[in-house]
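**Q** Just passing along the structure, written as C-alpha cells.
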Amino acid sequence: MVSEHVFMLSVLLGRTPRIALIRASAMIGLIAFVDWRVEGDIPLGFLYLFPMMLVGSALKRWQTAVVAGVCTWLTELFDSFAWSPGVGLPRDVLVFAAFFCCGLFVYEVVRSRQIALLHLGRIEAESAARREAEEQLEVLVETSPAAILTTDSEGSILLANDAAHRLFGLASGGLLGRPIRNYLPSLVSVPASGKSSQLFRTVMQCHGRRENGEAFQADVWFSTYATRMGARLAAMIVDTSEDLRAREELSLHQLMAGSRILVGAVSHEVRNICGAIAVVHQNLARDGALASNRDFEALGSLILTLEKIAAMDLRQTANQATAVDLRAVLDEFRIVMEPALRDDGITAHWSIAPELPPVWADRQSLMQVFLNLAKNSERAMLSQPKRELTVTARVECDRVIVRFTDTGCGVSEANRLFRPFQPGAQATGLGLYLSRAFMRSFRGDLRYEPESPGSSFVVDLSPAISSEEKETNEPADTDSTGRRSQLISGEPQQAVAGR
C-alpha cells in the first residue's frame, strides 16, 4: 500500500526523472525561502521530506545522500534554535538520517517496482510464447496424419487426435478413458516410468486391432515420462499394413522370377539329357530285338512326355520393367550396404554422375543385382589387406553403366562365370546367373572385366524411352546386343555363380 502511494505521488509530481528533479529543486527552494522569511519558533525543515521522495525516485543512492545533506544544512541554517556541538550535532544527524532514509525508501520501492514490472513483462512474454507454442502443437497434433495418443500409468487413454480415432474406427472423443490394451496390446507390457527408473524412447512394430475387430500392422514410436499426476506414455502410431502387403507381393514377385529362371535352366539340361536318351532309344528300336517289348515301348513314351515337360515355355508372362530413377536406387543401395562394408573394414568409394537419366528396369530386381555384386566383392576382399570397393555410375555411348570394382582376390576362371551349379561356387552358384538373367530380362546386361588386382563387374542399363520411341525400337524381349533373350527356353544365358 505504501509503495502504491509513493508511486502515485511520483507519477503526480513527475512522470520522468528529469521532471521529478525539477519539481524537487523547486520545492526545496520554496521551502528554504519560506523558512527564511517566516519569523518565530516554527520549524519547517520536516517539509523537505516531500522533495526527498521525488529525489529518491530519480537519483542514485549517493546522489540522494548528497541532497539529504543539503536539505539538512538548509534546515539548520534557517532554524531559530541555537546550535552547539552537544545539541546541534545529534539533531543534524537525526535530520539527515530522516531525509536520507525517506529518499532511500522511495528509491528501493521504485527499484523493486521496476524489477517487478520487468519480471512481469518476462512472465507475460513467456506465457504468450507458451500459449503460441501450445496452439501450434495442438494444431500439429490434430492435423497429423499419424495417430497420436497419451495414456496414464493404468493404460487408460487420456488424449487422442482425430487420426487415432480414424485408425481405431471410433467417433471423435470415443477413445478417451478406454484401455489401450483393447487396441494395442503390446503397449501394456511397457512398464510405467513410476514403476521403473528407466525411461523409454524407442520404436516397435506390433499388431493392432480396430473397434470392429479388424487387425492391422502398426509401427509405434513411444516414450514414457513422469508428471505430478503420475506416469505417462505418449505414442505415435502408423498403419503399415499396406507396406507389409507391398513387401510380401514384391518378395513373391522376386521368388517367382528367380524360380522361372532356375526352372528354365534345369529344363534346358533335362531336355539335353532327354535328347541323348531318345537317340539311344531310337538306335535300340532300329535293331528290332526290343520292338515287341512293352517295357521298351513304355520307356519311349516316358521319354517323349519328359521332353514335352522340359520344353514348356516358362518365361515370365508379365513384363515388370518400368522407368526407374537410378540415382534413387543407388542411394537406397548405399544406405543398405555401407554399414555392412564399414563393419568389415571395407572402404567404399562412390562416383555417381550428377545427372543420370531414368533407366529401363525392375526396381527390386535391379536392387537385388546390386546387392549380389556388392556381397560377392565383400566376400572376395575379406582375406585381402587392402579392402576397397568403388561404385561408379555414368552414361557411356548412350548406355547407363554402373561399375563395381574391388581389390579382392579376383576370378581364377573367368570363362566359367555366369554358369549355374558350377563347382567351387558358394551354395548352388546361382547369384551371378540370376543377376545376368534379371538384367537381360529388361534389355540390360551384366559382364565381367578383369582388374589387377581385383575384379570389375559392369551393369549395362538401357535408358528409359517414351512410348513413341519404344514402338520404333527393338522388341521388349531382346537384350542389349539385339539378340532375343532366351532366359528360360532355348540356349540358356550363362549367368552367374558367384565368385
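**Q** So how many residues does region 222-233 have that are surrounded by 15 or more Cβ atoms within 10 Å (Cβ to Cβ), over 17 Å from Phe168 (Cβ atoms) and touching a strand residue (DSSP E or B) at 6+ places or on another chain (Cβ under 6 Å)?
**A** Within region 222-233, residues that are surrounded by 15 or more Cβ atoms within 10 Å (Cβ to Cβ), over 17 Å from Phe168 (Cβ atoms) and touching a strand residue (DSSP E or B) at 6+ places or on another chain (Cβ under 6 Å) number 3.
**Q** So which of Val110, Val70, Val106, Val141 is within 30 Å of Val188 (Cβ to Cβ) and surrounded by 11 or more Cβ atoms within 10 Å (Cβ to Cβ)?
**A** It is Val141.
**Q** Could you go through region 303-311 and let me know if any residue there is assigned to a loop (DSSP other than H, G, I, E, B) and at pLDDT below 85.
**A** yes
Yes/no matrix, rows are residues, columns are (1) more than 22 Å from Ala323 (Cα to Cα); (2) of a type outside the set (Gly, Ala, Ser); (3) buried (at least 19 other Cβ atoms within 10 Å of the Cβ):
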site	(1), (2), (3)
Glu338	yes, yes, no
Asp343	yes, yes, no
Thr347	yes, yes, no
Trp350	yes, yes, no
Ala353	no, no, no
Pro358	no, yes, no
Gln368	no, yes, no
Leu371	no, yes, no
Lys375	yes, yes, no
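**Q** Here's another thing I want to ask about it. Being touching a helix residue (DSSP H, G or I) at 6+ places or on another chain (Cβ under 7 Å), assigned to a loop (DSSP other than H, G, I, E, B) and in contact (Cβ under 8 Å) with a residue 24 or more places away in the chain, is that true of even one residue in region 28-47?
**A** Yes - at least one qualifying residue is present in region 28-47.
**Q** Quick check on this structure: which one of Ala163, Ala171, Ala98 is out of contact with any strand residue (DSSP E or B) (no Cβ under 6 Å at 6 or more places or on another chain) and either part of a helix (DSSP H, G or I) or β-branched (Val, Ile, Thr) (or both)?
**A** Ala98
**Q** Now for a different question. Determine if region 359-370 includes at least one residue that is without any contact (Cβ under 8 Å) to a residue 12 or more places away in the chain and in a loop (DSSP other than H, G, I, E, B).
**A** Checking region 359-370: not a single residue is without any contact (Cβ under 8 Å) to a residue 12 or more places away in the chain and in a loop (DSSP other than H, G, I, E, B).
**Q** Please tell me if Ile123 is within 30 Å of Arg232 (Cβ to Cβ), crowded, with 16+ Cβ neighbours inside 10 Å, under 56 Å from the mean Cα position of the chain (by Cα) and modelled with pLDDT of 80 or more.
**A** No, not satisfied.
**Q** Quick one: which of Phe457, Phe404, Phe418, Phe438 is modelled with pLDDT of 80 or more and not in a strand (DSSP E or B)?
**A** The unique qualifying residue is Phe438.
**Q** Just name the residue that is modelled with the highest pLDDT out of those in region 441-454 that are closer than 20 Å to Val411 by Cα and hydroxyl-bearing (Ser, Thr, Tyr).
**A** Tyr448
**Q** Would you check if Asp331 is modelled with pLDDT under 90, in a loop (DSSP other than H, G, I, E, B) and more than 20 Å from Ser455 (Cβ to Cβ)?
**A** When the stated conditions are applied, Asp331 does not pass them.
**Q** Quick one: which of Arg379, Arg387, Arg334 is surrounded by fewer than 19 Cβ atoms within 10 Å (Cβ to Cβ), more than 27 Å from the chain's Cα centre (by Cα) and assigned by TED's automatic domain parsing to the domain that holds Tyr433?
**A** Arg379
The values are calculated or read from the model by the stated rules, or taken from the named source; none is laboratory data. Because the structure is a prediction, the values reported are computed rather than measured. Every residue, glycine among them, receives a Cβ derived from its backbone with ideal geometry; neighbour counts consider all protein chains shown.
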